[in-house]
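Everything below concerns the one structure shown next.
The values are calculated or read from the model by the stated rules, or taken from the named source; none is laboratory data. Values in this document were obtained by computation on a predicted structure and should not be read as measured data. Using ideal geometry, Cβ is built from the backbone for each residue, glycine included, and neighbour counts are taken over all protein chains shown. Calculation scope for accessible area: heavy atoms of the full protein, side chains included, ligands and nucleic acids excluded. Shrake-Rupley method; radii C 1.70, N 1.55, O 1.52, S 1.80 Å.
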Amino acid sequence: MELKISNLSKQFGNKLILDNINLTFHNGIYAILGPNGAGKSTFINIIMGLLPATTGKIEMNGKNIAKNENEFLNLVGYMPQDMKFYKNFSGKDMLEYIGVLKGLSKNVACEKSEILLKMVNLYDERNKKVGKYSGGMKQRLGIAQTLINDPKIMIFDEPTAGLDPRERIRFRNIITNISNDRIVIICTHIVPDIDTISDQIIMLKKGKIGVVDSPENICNELNGSMWKIVSDYDGLKTLSKFNIYNVSRIKDEYILRVYSKTRLREDAVLTEATLEDAYLHYFTEESNAFSL
């Protein structure tokens, strides 16, 4: 399976939201990382045909999806950022309904709904009306409906928003287990949800593709420049002018992760870079990692 994006741009008025995007996806897990406003949702909406591109084309296995829309949509599972459901449907009825809309027979939709509701930990709540679901439960139902037609291309836009830590782990496990023979694209700004499962990381900044690489290679770029420093409050104030990417506190001591090409203090200890460090490093203007 191949999904190829060529020279894709999107302009609203005088504002360029996406600027000449070129990407090729094969089977595996891809994470598109970027802060709010980077263009992630616009990119996904264009792939799904919800927005027209200003320029460029999208091809699936060499076929222009604009000319083969039905074939493309039959192979896609999509979870938008703000998933809408009929409030008076039960979770099970909602999932079966979506399955039938995607071309499954009533019996197959029923069987798959049972399996998926167990997979996303909603089986005990399957007969409750969706209007009574919590935000996290709706997110889990959204994940389930993405899988209902066994898609070869799966696209998730901020799928873990509102999920507690246990359900976020469940999501990662589900995606890892089903990703061998399909393309999975996850748009998010929550780095811990994708750092251990992604084959490729795509950094999207102000509508442009910056970094496209494996998590390991991206982190390796920072190795040798990430330092752990244990400091009191006065030392913290002194260091605040540097690139501090994380601060934790134990009693009166502050434990800092600091980016610097050189050792800032004698007690600074080199530490292995994480994808979260890389995210903050690349998006430092947007993230304002630390201020005092």
- Could you please let me know if residue 188 is free of Cβ contacts under 8 Å to residues at least 60 places away in the same chain, crowded, with 18+ Cβ neighbours inside 10 Å and among the β-branched types (Val, Ile, Thr)? no
- Task: From 179, 198, grab the single residue that is open to solvent by less than 20 Å² (accessible area, probe 1.4 Å), under 22 Å from residue 26 (Cβ atoms) and at pLDDT below 90.
- Result: 179
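Could you tell me which residue of the range 31-80 is least open to solvent (accessible area, probe 1.4 Å), considering only residues that are outside any strand (DSSP E or B) and in contact with a helix residue (DSSP H, G or I) (Cβ under 6 Å, 6 or more places away or on another chain)? Spell out the reasoning first.
Here is the first cut: in the range 31-80, the ones outside any strand (DSSP E or B) are 34-54, 61-62, 65-75, 80.
Subset that is in contact with a helix residue (DSSP H, G or I) (Cβ under 6 Å, 6 or more places away or on another chain): 34-35, 51, 53, 65.
Values: 34: 0, 35: 22, 51: 49, 53: 41, 65: 19 Å².
Across the range 31-80, the extreme among qualifying residues is 34.
Select from the range 81-119 the residues that are part of a loop (DSSP other than H, G, I, E, B) and open to solvent by 50 Å² or more (accessible area, probe 1.4 Å) and list them in ascending order. First the steps, then the outcome.
First pass over the range 81-119, keeping only residues part of a loop (DSSP other than H, G, I, E, B): 81-89, 102-105.
If the condition is that a residue be part of a loop (DSSP other than H, G, I, E, B) and open to solvent by 50 Å² or more (accessible area, probe 1.4 Å), then 81, 82, 84, 86, 87, 88, 89, 102, 103, 105 are the ones that fit.
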- Message: Looking only at residues that are in a helix (DSSP H, G or I), touching a Gly at 6+ places or on another chain (Cβ under 8 Å) and open to solvent by less than 40 Å² (accessible area, probe 1.4 Å) in the range 120-144, which one is farthest from residue 5 (Cα to Cα)?
- Response: 130
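Identify, please: which residue in the range 1-19 is assigned to a loop (DSSP other than H, G, I, E, B) and not hydrophobic (A, V, I, L, M, F, W, C) and is, among those, surrounded by the most Cβ atoms within 10 Å (Cβ to Cβ)?
Restricting attention to the range 1-19, the residues satisfying the condition of being assigned to a loop (DSSP other than H, G, I, E, B) are 1-2, 13-14.
Going one step further and asking which of them are not hydrophobic (A, V, I, L, M, F, W, C), we end up with 2, 13-14.
Numbers: 2: 12, 13: 6, 14: 5.
Checked the range 1-19; the qualifying residue surrounded by the most Cβ atoms within 10 Å (Cβ to Cβ) is 2.
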- Task: Return yes or no: is residue 22 surrounded by fewer than 14 Cβ atoms within 10 Å (Cβ to Cβ), touching a residue at least 12 places away in the same chain (Cβ under 8 Å) and either assigned to a loop (DSSP other than H, G, I, E, B) or among the small types (Gly, Ala, Ser) (or both)?
- Result: no
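Return a yes/no flag: does the range 44-66 have any residue that is within 14 Å of the chain's Cα centre (by Cα) and closer than 23 Å to residue 83 by Cα.
Going residue by residue through the range 44-66, those that are within 14 Å of the chain's Cα centre (by Cα) are 44.
Still in the running and closer than 23 Å to residue 83 by Cα: 44.
Yes, the range 44-66 has at least one match.
Out of all the residues in the range 154-195, which are of a type in the set (A, V, I, L, M, F, W, C) and part of a loop (DSSP other than H, G, I, E, B)? Outline the logic, then answer.
First pass over the range 154-195, keeping only residues of a type in the set (A, V, I, L, M, F, W, C): 154-156, 161, 163, 169, 171, 174-175, 178, 183-187, 190-191, 194.
Scanning the range 154-195 gives 161, 163, 190, 194.
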